[in-house]
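Throughout, read-outs are computed from the coordinates displayed, never taken from laboratory work. Given the structure is predicted, the values throughout are model-derived calculations rather than measurements. Quick reminder, even Gly has a Cβ in these numbers, built from the backbone with ideal geometry, and neighbours come from all protein chains shown.
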Amino acid sequence: GAGVSQSPRYKVAKRGQDVALRCDPISGHVSLFWYQQALGQGPEFLTYFQNEAQLDKSGLPSDRFFAERPEGSVSTLKIQRTQQEDSAVYLCASSPGAASAFFGQGTRLTVV
Amino acid sequence: GDSVTQMEGPVTLSEEAFLTINCTYTATGYPSLFWYVQYPGEGLQLLLKATKADDKGSNKGFEATYRKETTSFHLEKGSVQVSDSAVYFCALSDSTGGSYIPTFGRGTSLIVHP
């Protein structure tokens, strides 16, 4: 597709459940970012990939969060043993390099 | 570290009013500056950008000028419409460390009444 695609759009998880969020970036974009956006807040950086290499994961809030991009294209953000404080919108963005980032529509995660 | 500060909202205006949303930044290098817009239930869309001092970014009647001396990138529009109601995010992208990771402000909600 022409834009960044994220799935699912909405996810309800029971506390303690593992979830996997998918991001399909714009074809050919080298850089891929994951952000967490709490209600009424700006996006907070989680992690950054350049091709398949995870160059920065300083924003991941705990070791329950894990991201991968094994072939330098599609990326998955995994959250293990979800907690209520993980409820947020998870945004993925891609960029061709030192340029503007293009965002997907996000995945709204609700942990009950 | 890098940071972006935006004026708090909501900003409430009548249609055709003049809009200013203030944004200031702190960065160690020479960042590019951006404004993104987020409509309800959607992701962020790039509205405009400026890559160096004194550049003016513009799109859809919105504009912002990169002011290095005041470290500011204020968003303006001469005549707002109801359809401009959204949340606006100021952001910067700095090449420090070789990565261009966008850093965002908290967002400013704009409500335009008919």
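Worth pointing out:
- Under 20 Å of direct C-alpha separation, and excluding same-chain neighbours fewer than eight residues apart, A:K14 reaches these lysines: A:K78.
- Charge context of A:P8, other residues only, Cβ under 11 angstrom, K/R +1, D/E -1: +4
- Taking B:P31, B:P40, B:P102 in turn, the Gaussian network model of chain B (Cα-Cα springs below 10 Å) assigns the largest fluctuation to B:P40.
- Dimensions in Å of the protein assembly as shown - Rg and Dmax from alpha carbons: 17.5, 51
- 26 Å Cα-Cα reach of B:K77 towards lysines, excluding residues that sit fewer than 8 places from it in its own chain: B:K49, B:K52, B:K56, B:K60, B:K68
- Fluctuation leader among B:G41, B:G57, B:G78 - chain B, Gaussian network, Cα springs under 10 angstrom: B:G41
- Simple spin-label estimate for A:T110 and A:Q80 in nanometres, 7 Å along Cα-Cβ: 2.7
- Residue among A:A93, A:A67, A:A20 with the largest mean-square fluctuation in a Gaussian network model of chain A, springs linking Cα atoms under 10 Å: A:A20
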